[in-house]
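Bear in mind these aren't lab numbers, they're just calculated from the coordinates by the rules spelled out. Note that the structure is a prediction, hence the values are computed from the model and not measured. Cβ coordinates were reconstructed from backbone atoms using ideal geometry, including for glycine residues, and neighbour counts include every protein chain displayed.
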Amino acid sequence: MLQKLSDGAKGGFSKFILVGFLFMAVAGLVLTDVGGFFRDGISSTSVANVGSEGVPYHEFDRFLRSSLIRQRINVQDAYQTGQVHDILNRYTQDIIFAQASRNLGIQTPDEAVAKELHRFVEPYITQDTTAQQALTQMLIQQGITEESFVSALRRDLTSSLLKQAILSGVDTAPTLLSQELLRYQNETRDITYINLPNERISIDNPPTEDELKELYETSKLEYRIPERRGFTIAVLDPENISYGAEPTEKDALQYYEDNKNRYDIPAGRKVEQAIFETEEEARKALEATESGTSFQEASGDQYRGENVYQDGKAPDVLKDIIFPEEEGAPDIRGPVESPLGWHIINDLGDVDTSYRPFEDVKDTILLILKKNQQREAFIDTIDTINNRIDEGDALADVATDFKMEIMDIPPIDQFGLTTDGKEGLKSFEQDQSDIIDTLFNLYEDEISQTLELQNGQLALLKDTQITPESIKPYEEVREQIEQRLIASRKRAKNQEIAQDYLNKLENGEITLQKISTDTKQQIDVARNVKRVPDAAQDNEKISVNLRARAFITDPGKYMLSQNANGFVIAKSAEPKMVKLDTPSEEAERIARQMAIVTTLSTYYNYLSEEIPVRINQHLLDQLYGQPQS
């Protein structure tokens with residue numbers, strides 16, 4: 001479902017980004033600081049609480065920066081423009097859906113998680129790299145643990161199951177909505193118009209030198225030359241880090257004994273479960289089991305496997321059939337209804353706490369130990385490099401000792417552009433935001449602390465050149481200012497003349513033909529102008545502004561519009577409707593999208609009442625509301 005609605009994974013985890021944006025556009029959803037829902041308030045290290053679940057700042061910060069990475073904006077600017085709150089909104093929406101999924105008893109099988117995990121690491125697998133090595137490489141790049149990644153992946157898949165169930169009835173576009181969109185898109189009008197370009201206007205008050213200088217002084221910021229910084233970057237490939245000896249089976253056994261509780265299977269009620277679309281189908285399966293058919297066979301494709309539930313922790317909709325109060329209840333029980341459909345269960349009895357055998361988890365533990373070993377070596381290397389920088393070691397010496405590649409980058413501004421307007425950080429496109437933030441907080445000749453790049457490499461920056469912000473001198477921009485002031489006066493005079501013509505047209509004092517004769521400008525007619533243009537229609541003559549006005553102004557009524565070169569006086573004829581047999585694919589696509597958004601936003605509004613969101617505004621202000629020192 002994620003593939004269907006958001007066209008694939010974005011960044012580290014697949015996110016419902018498209019629908020998240022549309023939520024805000026259609027429903028106007030915003031985060032609210034709702035009090036009274038949390039006995040202990042919000043943790044000082046959580047940017048928000050979703051229900052009883054905190055959102056750790058370091059997890060959100062990683063997601064935030066990856067979301068902004070391709071935008072030429074730092075986190076402080078994003079905070080000022082509201083983008084940080086928008087991204088936090090999307091992040092908490094995902095958590096709300098995940099919590100709702102858990103409450104309904106929706107679980108993603110391990111096989112599905114493994115399949116999705118393989119899809120994520122597949123781009124990293126080579127002839128010389130195993131799947132586990134590829135996973136380790138990807139986790140290092142993302143800066144997260146395997147446990148956190150798998151947990152987020154499972155949460156995302158589980159939420160998708162819920163969304164898929166909710167959207168099961170909106171696979172086709174509503175007919176009426178598609179027809180209305182079709183009618184709206186294909187309405188056309190003939191537009192009669194005359195252009196009144198500014199260039200035909202002459203002025204009798206050319207700007208004086210004093211006026212030019214005054215405009216220069218009041219608009220100096222427009223002629224600002226931004227601060228630029230040149231720097232040296234030293235890059236360390238993780239392959240050059242020594243990770244030590246491979247973990248042994250003895251090490252794995254010790255880890256198993258020390259962490260045995262991680263491999264326990266809690267005591268509880270073991271049940272099989274099946275979910276059907278209708279009550280009739282569920283009851284038909286029940287009748288089959290009464291005739292001697294096994295539960296799994298009777299359930300067919302609707303079989304959902306086995307689960308162990310603890311008393312008091314079963315989903316609300318299932319708790320009465322998993323833990324019935326009456327004695328002597330049959331083993332196979334149900335059906336009960338949830339938003340996912342109709343459930344039946346087969347009670348397999350209570351099971352005691354048990355532990356997975358060491359042999360079953362040995363390979364996994366060895367991989368965990370190896371990954372931990374690599375991560376510790378990675379962190380130790382970072383600490384060692386940072387200590388040497390703090391002690392005053394030269395960048396060249398550190399780079400030589402750690403086999404780091406050194407590159408000199410020409411001066412760039414805070415958008416990563418060089419003096420000739422080229423992208424100075426094209427080789428580090430994914431890390432541009434972090435590099436710029438770090439660079440512009442350094443003194444000249446200062447060396448940064450270690451940066452972890454998106455591809456898993458480490459980097460050091462040395463600010464080698466600071467060119468302060470300046471203003472272009474008056475003499476250099478005098479001609480530009482003069483042309484700007486002349487154009488402004490021509491436009492003002494042309495607008496005054498055009499408005500006078502419009503008033504006289506409305507009062508019947510003049511005709512469009514008379515205006516054409518007086519101004520020596522031709523009257524043109526644009527035929528069959530669509531409200532929503534397509535690629536085949538010539539859009540050069542009709543500006544966006546004129547098109548919009550033509551479809552909101554009464555037919556036959558003159559209007560005044562502005563274009564890039566001046567002003568236009570125009571009127572439209574009566575609208576014409578194009579009759580088409582079926583809605584266009586685009587109209588159906590938009591209608592489906594609107595139906596999807598409406599359905600999800602309605603359900604989200606319901607969930608938000610049950611699972612309130614509360615943000616830690618104070619922490620957000622501290623993290624992003626002020627420049628980093």
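Numbers at a glance
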quantity: Linear extension gain, Glu287 paired with Val525, 0.36 nm per residue minus alpha-carbon span; calculated: 78.3 nm
quantity: Distance in nm between pseudo-label sites at Glu199 and Ala487 (7 Å out along the Cβ direction from Cα); calculated: 1.2
quantity: Spatial separation of Cα centroids for the stretch 77-125 and the stretch 495-512, in angstrom; calculated: 60
quantity: Length gained when the stretch Lys220-Asp397 is fully extended (0.36 nm per residue, less Cα-Cα span); calculated: 59.3 nm
quantity: Too-long pairs where the Cα-Cα distance tops 26 Å, listed order kept, from Lys422/Lys472; Lys220/Lys426; Lys514/Lys576; Lys514/Lys541; Lys220/Lys490; calculated: Lys220/Lys426; Lys514/Lys576
quantity: Summed side-chain charge close to Pro206 - residues other than Pro206 whose Cβ falls under 12 Å, Lys, Arg +1, Asp, Glu -1; calculated: -2
quantity: Candidates per trypsin sites (Lys or Arg not before Pro) in the stretch 445-495, loop by DSSP, up to 15 other Cβ within 10 Å; calculated: none
quantity: Net charge contributed by nearby residues that have their C-beta within less than 9 Å of Tyr303 (K/R +1, D/E -1); calculated: -2
quantity: Peptides ranked, highest mean first, by Cβ atoms within 10 Å: ranges 186-199, 86-99, 237-250, 389-402; calculated: 86-99, 186-199, 389-402, 237-250
quantity: Top positive-direction residue, dipole computed over the stretch 213-342 with Cβ charges, set Gly312, Gly328, Ser219; calculated: Ser219
quantity: At R0 = 25 Å, FRET efficiency that the Cβ-Cβ distance of Lys541 and Glu506 yields, to 0.05; calculated: 0.55
quantity: Set of lysines with alpha-carbon distance to Lys260 below 24 Å, sequence-local pairs under 8 removed; calculated: Lys250, Lys270, Lys313, Lys362, Lys370, Lys371
quantity: Where labels lie 7 Å past Cα in the beta-carbon direction, separation of Ile471 and Thr192 in nm; calculated: 5.2
quantity: Residue-span extension gain [Val150 to Arg262] - 0.36 nm each, minus C-alpha spacing; calculated: 38.8 nm
quantity: Ordering of 105-113, 350-358 by burial proxy (mean other Cβ atoms within 10 Å per residue, highest first); calculated: 105-113, 350-358
quantity: Separation of alpha-carbon centers, the stretch 369-444 and the stretch 231-275, rounded to whole Å; calculated: 29
quantity: More than 23 angstrom apart: percent of Cα pairs within the stretch 218-329; calculated: 65
quantity: 3J(HN,Hα) from dihedral phi, the stretch 56-67, Karplus parametrisation 6.51/-1.76/1.60, rounded to Hz, x for glycine, proline; calculated: x, 4, 5, 5, 5, 4, 5, 5, 4, 5, 5, 6
